[in-house]
1. Among the numbered criteria (1) at the interface with another protein chain (Cβ under 10 Å from one of its Cβ atoms); (2) at pLDDT below 90, which single criterion is violated by A:Y258?
2. Of all residues being buried (at least 21 other Cβ atoms within 10 Å of the Cβ) and among the small types (G, A, S) in the stretch A:449-477, which is nearest to B:I39 (Cα to Cα)? Just the residue, please.
3. Looking at (1) touching a His at 6+ places or on another chain (Cβ under 9 Å); (2) without any contact (Cβ under 8 Å) to a residue 24 or more places away in the chain; (3) of a type outside the set (A, V, I, L, M, F, W, C), find the lone condition where A:H161 falls short.
4. Just to be sure, is A:A252 within 14 Å of chain B (Cβ to nearest Cβ) and of a type in the set (A, V, I, L, M)?
5. Kindly establish whether A:S559 is among the small types (G, A, S), more than 14 Å from chain B (Cβ to nearest Cβ) and in a helix (DSSP H, G or I).
6. Can you name the helices (runs of 4 or more DSSP H) wholly within the stretch A:371-418 that have at least 3 residues being among the acidic types (D, E), in contact (Cβ under 8 Å) with a residue 24 or more places away in the chain and away from every other protein chain (no Cβ under 14 Å)?
7. Within the stretch A:419-454, restricting attention to residues that are small (G, A, S) and at pLDDT 85 or above, which residue is farthest from the chain's Cα centre (by Cα)?
8. When both residues are 6+ apart or on different chains and their Cβ atoms are under 9 Å apart, which pairs have a first residue that lies in the stretch A:741-756 and is loosely packed, with under 13 Cβ neighbours inside 10 Å, and a second that is assigned to a helix (DSSP H, G or I) and of a type in the set (S, T, Y)?
Amino acid sequence: MSRALTVAVAGNPNCGKTTIFNALTGTRQHVGNWPGVTVERKEGRFVHNEQTYKVIDLPGTYSLSTYSVEELVARDFIVQSEPDIIVNVVDASNLERNLFLTTQLIEIGRPMVIALNMMDMAREKGLEIDTETLGVLLGAPVVPIVGRTGEGIDVLKEKIHRIQAHTSQKARHIDIQYHRDIETQIEAISRVLEQGEVPPINVRWVAVKLLEKDERIWEYLEAFSDKEKLRQTTAEAIHQIEKIYQDTSRAAISHARYGFLRGATQECVRSSTTEPVDYSRKIDKVLTNRLFGLPIFALFMWLMFVLTFDLGAYPMDWIDAGISWLVNSLHGLFPDTMLTSLVVDGMIGGVGAIAVFLPNIFILFFVIAILEDSGYMARMAFIMDRVMHTMGLHGKAFIPLVMGFGCNVPAIMGTRILESRRDRILTTLINPFMSCSARLPVYILVAGAFFPENAGTVIFSMYVLGVVVAIISGKLFSKTVLHGMSKPFVLELPPYQKPKISSLLLHTWERGQVFIRKMGSVILVGSIIVWALGYFPREVQLSQDYVAQSAQVRQEWKSQESVIEQAFHASVEKGKQQYVSAMVPFESSGHYKELVAQRDSLQSQTGTVYQEKLQKVDYTRQAETMSQKWIGKMGKLIEPLVAPLGFTWREGVALVTGFVAKEIVVSTYGVLFGVGADANEENAGILTSLRNSGMTPLIGLGFLVFVLLYTPCLATMAAIRRETGSWGWTTFSVVYSLLLAWILAFGIYQIGSAFQWLS
Amino acid sequence: MFSRFKNRMNTTAPRHRLTQGGLRLSDLRSGEKARILEIGGSEQFRIRLMEMGLLVNDIVEVDKYAPLMDPMELIVKGYHLSLRRMDAEKIAVELIERNE
């Protein structure tokens, strides 16, 4: 068998490109990213007539200019990797606009097959398309297809086969002919290109791109010798065109493309006069209605939230329980060595911490797939754009932001629904300020300790503050670091479609597996580091002999028990002497029973008291051990940094461990205050300890604000790294949120102290 | 990290000013039909509209405005497009069918 041939699938968004890609390749797909950018790259294979074809799904674009990363990726692939065949998917029900991209593909000049998709919808619209003539006019065979039913896919495969075997009659390259004024300039530039050394492969395409003032085209001309002359000729040519057309050269060329298309479609498309039924418009009469649009949207958002987090909570608990069971039983099976601790506590425990998110993430991606495939996603953007626009964002950005209230990790991964990289980065950067559910236990603990009367108000205001910070930061970023990339909002509202379950599952799996693969590695390393911080150094110098202390407590307990026992026996003897009845033995008398009950209750009371004492010793030992480990030393080390906020080394340690996951702040306090690591936010001991630790309500408030704003957790950081594709943005996010948290907590403490509020 | 965004900023072409006074696309009420006379704004915006199939002489119908009054939904050549009002303000139109 000969080498695998490359087939690139190109087309507009919403033209059914993915459906055709799936129909061609089946489930033999591989999803990755295009190098250097976070644009999904899908690759699959199929075999036809003993020839293997490697199919690449290019990002859906309306054009091949340098408007977006997606367009650049698609263009670079076609020009630089030179696929053997291009399959251009075209929506037959919307022919003229879809063919605009086709004109650009024709110009690049790779062998091409046009897959005329959605023929059923075109027929419904009353359109009759002469595919034979269209093929002749475009210089590429046209295959009518109904992607949803798979009708025409076999013909498409056969055409692909014939194109590469050069047996197709219709595949002859044609040039898009422009008006004479433009053609003259194309020729002038082409001459310069051909005369110089190392001319580009496709001279005509490069000439057109130069006329369009395409910046990136110079990258293809690096080897070209006579750049100076080329620059001059191009400038002169552009000047000529702009003088004639009284418009920019790019607009003139685009107009000319449509002129060509109008001619072609007039020849091939016959439209019946009857007005077709626009079902989508009827559905939208309700779904984007001025009155019901927002409530219905809110209902869908609520449903999505409930499904993701409430339904996801069940498998989450199972996984959580499974991991705990595994960790415990492994500890029972293996000796207590460093390796056991590393593998069980560090690696299994750490990876388990992300595994619990899996159900949430898969459900969320499934719901998003439904929204996308049905066409409602575009309507969500339509409804929410007014709100999101104030932050310099696209309407769709609302979805990942709301999901952030549940968990920032799937929410940040959900930013993939946004088309522009700038919007994705901006939404990712402000997402951590949406207060996730892991922060709630910390709020309940601290607000419960210092604001028992108004805990609800304080907690609610944390959520509000998060939203406010997100909005202000969004505005700030879009005016500074992410300035200038905002694109005009021209959104297509595609017809509603019934989603196919197989495609939903495929989409969910594609996105979910990326999470498993990439996040796993970052989290693994992170958890090993945190494990090491809490594990080393092994030998700690404790200020007190806790072993002796607990031995002493046990001793006291025992002697106390025997004192009670002796007193009991003495009372029994006394009772027997005074006892007169010969009918019933003393041991059955009421008095004796009373004495026994008295003794038992005394014993159990002493038991509780001493058990508590023993626990107290153990917890104090744990707390001191913790303070001697690296993690405790870190807390001490960063104490000067957090002292201006009124925090002590305890808050330092809690914040450091909270970086692994926010809810850990509570259990860290449990350990530090000597009430045990399994303390929860309603534990009375921890509440009292917190109140007696020297923290004031003012410092508590500052602490809450700090917890709200600083980097949520390791998993979120990994998600940011993953979605922005850059350590630069990840560092920026971490530093920005830390600084912001510090400044606000500092402000609260310093200003509050000056006015003696809440002290 | 930031440079790649700033580069793009500088490439924005001079804005095209509308020569026509009078009616703008954003002035239309839902249900009204109009013909596009001229498209203004930045080159990027004008090209984008062309790529999305919105050209001079095309007939557009305003289907509706979003619940929060922005953006607006248009029907062009049988498909639905959504534009923000601030962008629709850059499009000069002539009314051909009034909504009573």
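The values are calculated or read from the model by the stated rules, or taken from the named source; none is laboratory data. Computed from a predicted structure; not experimentally measured. Because the Cβ atoms are built from the backbone with ideal geometry, glycine has one as well, and the counts that use them run over all protein chains shown.
1. (2)
2. Taking the candidates together, the pick is A:G474.
3. (2)
4. Details: within 14 Å of chain B (Cβ to nearest Cβ): yes; of a type in the set (A, V, I, L, M): yes.
Yes: the conditions hold for A:A252.
5. Details: among the small types (G, A, S): yes; more than 14 Å from chain B (Cβ to nearest Cβ): yes; in a helix (DSSP H, G or I): yes.
Spelling it out, A:S559 is indeed among the small types (G, A, S), more than 14 Å from chain B (Cβ to nearest Cβ) and in a helix (DSSP H, G or I).
6. Details: elements: A:376-389, A:398-403, A:408-413.
No helices (runs of 4 or more DSSP H) qualify here.
7. From the stretch A:419-454, those small (G, A, S) are A:420, A:435, A:437-438, A:447-449; that's our starting set.
Restricting the remaining residues to those that are at pLDDT 85 or above gives A:435, A:447-449.
Numbers: A:S435: 15, A:A447: 30, A:G448: 32, A:A449: 34 Å.
Step by step, filter the stretch A:419-454, then rank; the result is A:A449.
8. Correct list of pairs: empty, since none qualify.
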